[in-house]
Amino acid sequence: MRLSQLLMPTLREVPADAEIPSHVLMLKAGLMRKLAAGIYVYLPLGKRVLKKVEEIVREEMDREGSQEVLMSALIPAELFKETGRWDVFGPEMFKLKDRNERDFCLGPTHEEVFTDLVRNEVKSYRQLPLILYQIQTKFRDERRPRFGVMRSREFIMKDAYSFDADWEGLDESFNKMYRAYCRIFDRCGLKYLVVEADPGAMGGRDSKEFMVISSVGEAVIAYCDSCGYAANEEKAECLIESRDEEMLEIEKVYTPNVKTIEELVDFLKISPSKFVKTLIYKAKGKVVAALVRGDRDINETKLLNVLGIREEELELADGPLVEEVTGAKVGFAGPLGLKGEVTLVVDSEIPQLRNFIVGANETDYHIKNVNYGRDFKGDIVADIKSVVEGDRCPRCGAPLKIARGIEVGHIFKLGTKYSEALGATYTDEEGNEKPIVMGCYGIGINRTVAAIIEQHHDEKGIIWPMSVAPYHVIVVPVNVSDEEQKQIAEKIYNKLLEEKLEVLIDDRDVRAGVKFNDADLIGIPVRVTIGKKVKEGIVEIKLREREEVEEVKVEEAVRRVKQIVEEKLRELS
Ligand SMILES: [Zn+2]
């Protein structure tokens, strides 16, 4: 492809609303453009990268025996009503009506559609197991689209669904997808962690996420270098240390105007871990008091799961409600003597603590030497805390580390939730009708592209791994007015094409600096520069990922480039 003809509108300036490197670089390198908030169009270079990632995904899915299909993006409401998700999705679902006033949506996910296909076409155990997948556009009306294609309203997903006769079969399908995903992300040149995730609203069990470690990731991961344990923050646990101290007499202390943990630490000169804080929530109309150690945070997703409610059904209580429940000003809540009907949710660490301090439910007072069991009991004792760096690994006790990650893939055992709701059954060998056991498996294609950029870039631009680069090589004649440079460049370009390499030639009549900047920005792995030394029969080969330049004879250039490209592709195969 000739750069003089390629639609590659690179930008010199950083686009105003782009916050993270991948978003900046996808715009600057002319991979994509924004059409509306959270909606992007792909230009030729971006489309080529998407296609490469999709092709890797296809090869690895097919290798494990799964079969590609294509569902409709436009889905009749009835299917989502059958599983109750027409309402569950809420404003995230793009809903619309056809000319006959029938309800449809633009698919945010496809469990229902795949299950519908299978309930109509699969009747016997002989037709199982089955893994089907598609690469398809999904639509979600995100409240706050951001970070470019990391959180957009329209995105391409590979979604797969497995159908098995029993849970053992599902385990096998799950392991196949696990293997396929590892190979896919390895081939994309990504460093990732496989973390235990919260099954959450999807129901089911055994949920793993593929997380690309990156400082711009939206997810927080706790992981252990010693044993390999890794979990996202909604799921991560830690060892609880029990304290064998004698229980002391309870004591009320006067703490005038001391409302926050920081003020208490100052006032009483005691570590925040000696306090237990009480947060009052409104949960689906009821009052909940949640307790965690003073130096910890409540993980609201864990709390939601414990209470069995949805995100929008939980909110922190406002001042008047706190005062009504505690009988005191805000800042003095505690577990002893709350008024009215209050559900007390106690973090699993609290029963192990001794002689801690809590709010007294009386303005300007706290209570010392409180002990769980002796002085109060919770309605629910469960893990509702966020783990922090240095907490001990639940498996081996080593200190946990915390990192941020970009979720690029998710594999998940659904069980019979959808097959039961939609009546997808099969007849077993004895003639009994049973629900099909399902799994679902997703990869965000655009997000994977962005994650690759997050891990492979420098201040000059993108550094594509060879496996997903839009082109392998760029041939740069420094001065196209120089007839010799031009001719040699054209000759090398054509020979590389004959060798079936993917090649760009920068035949534009622009300054050399512009050419080099663009080549670096769009991240083509190999650059062949044809400059003044061509008079001595020499051209330069430079890898985007390295500083050094290799000088080779003109007649050896093609062979050397081909060798480099093949080597790099092999490393990522
Ligand atoms: Zn460990």
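Restricting to region 109-133, count the residues that are outside any helix (DSSP H, G or I) and surrounded by 17 or more Cβ atoms within 10 Å (Cβ to Cβ).
9
Search region 219-248 for residues that are under 13 Å from Leu193 (Cβ atoms) and part of a loop (DSSP other than H, G, I, E, B) and pair each with any residue that is within 16 Å of the ligand (Cβ to nearest atom) and of a type in the set (Val, Ile, Thr) when their beta-carbon atoms are under 6 Å apart and the residues are at least 6 apart or on different chains.
Between residues of region 219-248 that are under 13 Å from Leu193 (Cβ atoms) and part of a loop (DSSP other than H, G, I, E, B) and residues that are within 16 Å of the ligand (Cβ to nearest atom) and of a type in the set (Val, Ile, Thr), the close pairs are Ala236/Val387.
Would you mention how many residues in region 381-434 are of a type outside the set (A, V, I, L, M, F, W, C), more than 16 Å from the ligand (Cβ to nearest atom), buried (at least 18 other Cβ atoms within 10 Å of the Cβ) and assigned to a loop (DSSP other than H, G, I, E, B)?
Residues that pass the stated criteria total 3.
Taking the condition surrounded by 18 or more Cβ atoms within 10 Å (Cβ to Cβ), hydroxyl-bearing (Ser, Thr, Tyr) and more than 16 Å from the ligand (Cβ to nearest atom), does Ser207 pass?
yes
Scan region 257-315 for residues that are part of a helix (DSSP H, G or I) and β-branched (Val, Ile, Thr) and jot them down.
Of everything in region 257-315, those that are part of a helix (DSSP H, G or I) and β-branched (Val, Ile, Thr) turn out to be Ile261, Val265, Thr301, Val306.
Quick grid of which residues meet (1) closer than 26 Å to Val220 by Cα; (2) free of Cβ contacts under 8 Å to residues at least 12 places away in the same chain:
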position: Val292; (1), (2): yes, no
position: Lys302; (1), (2): yes, no
position: Arg310; (1), (2): yes, no
position: Glu315; (1), (2): yes, no
position: Gly319; (1), (2): no, yes
position: Gly331; (1), (2): no, no
position: Leu338; (1), (2): no, no
position: Ser348; (1), (2): yes, no
position: Tyr365; (1), (2): no, no
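Among the residues of region 435-467, which ones are assigned to a loop (DSSP other than H, G, I, E, B) and of a type in the set (Asp, Glu)?
First pass over region 435-467, keeping only residues assigned to a loop (DSSP other than H, G, I, E, B): 436, 456, 459-460, 463-465.
Hit for region 435-467 is Glu459, nothing else.
Report every pair of residues separated by at least 6 positions or lying on different chains whose Cβ atoms are under 6 Å apart, first residue within region 444-455 and under 17 Å from Ala29 (Cβ atoms), second of a type in the set (S, T, N, Q) and part of a helix (DSSP H, G or I).
Ala450/Ser22; Ile453/Ser22; Glu454/Ser22
Might you let me know whether region 41-64 holds any residue that is under 24 Å from Asp166 (Cα atoms), touching a Phe, Trp or Tyr at 6+ places or on another chain (Cβ under 8 Å), among the hydrophobic types (A, V, I, L, M, F, W, C) and not in a helix (DSSP H, G or I)?
No, every residue in region 41-64 fails to be under 24 Å from Asp166 (Cα atoms), touching a Phe, Trp or Tyr at 6+ places or on another chain (Cβ under 8 Å), among the hydrophobic types (A, V, I, L, M, F, W, C) and not in a helix (DSSP H, G or I).
Which condition from (1) free of Cβ contacts under 8 Å to residues at least 60 places away in the same chain; (2) at positive phi; (3) not in a loop (DSSP other than H, G, I, E, B) is the one that Asn361 breaks?
Condition not satisfied by Asn361: (3).
Quick one: how many residues across region 90-107 are part of a loop (DSSP other than H, G, I, E, B) and crowded, with 18+ Cβ neighbours inside 10 Å?
Here is the first cut: in region 90-107, the residues part of a loop (DSSP other than H, G, I, E, B) are 93, 98-102, 107.
Still in the running and crowded, with 18+ Cβ neighbours inside 10 Å: 93, 107.
The total comes to 2.
Kindly check whether there is at least one residue in region 239-259 that is within 16 Å of the ligand (Cβ to nearest atom), within 30 Å of Ala180 (Cβ to Cβ), exposed (fewer than 15 other Cβ atoms within 10 Å of the Cβ) and not assigned by TED's automatic domain parsing to the domain that holds Asn355. Write out each step before concluding.
So the first thing to find is which residues in region 239-259 are within 16 Å of the ligand (Cβ to nearest atom), and the list is 239-241.
Right, trim to within 30 Å of Ala180 (Cβ to Cβ) and you get none.
For region 239-259, residues within 16 Å of the ligand (Cβ to nearest atom), within 30 Å of Ala180 (Cβ to Cβ), exposed (fewer than 15 other Cβ atoms within 10 Å of the Cβ) and not assigned by TED's automatic domain parsing to the domain that holds Asn355: absent.
Restricting to region 407-425, what's the tally of residues that are of a type in the set (A, V, I, L, M, F, W, C), under 27 Å from the mean Cα position of the chain (by Cα) and at pLDDT 95 or above?
Residues flagged as of a type in the set (A, V, I, L, M, F, W, C), under 27 Å from the mean Cα position of the chain (by Cα) and at pLDDT 95 or above within region 407-425 amount to 2.
The values are calculated or read from the model by the stated rules, or taken from the named source; none is laboratory data. On a predicted model such as this, the values are computed, not experimentally measured, just so you know. Please note: Cβ atoms are built from the backbone with ideal geometry, for glycine as well, and neighbour counts cover all protein chains shown.
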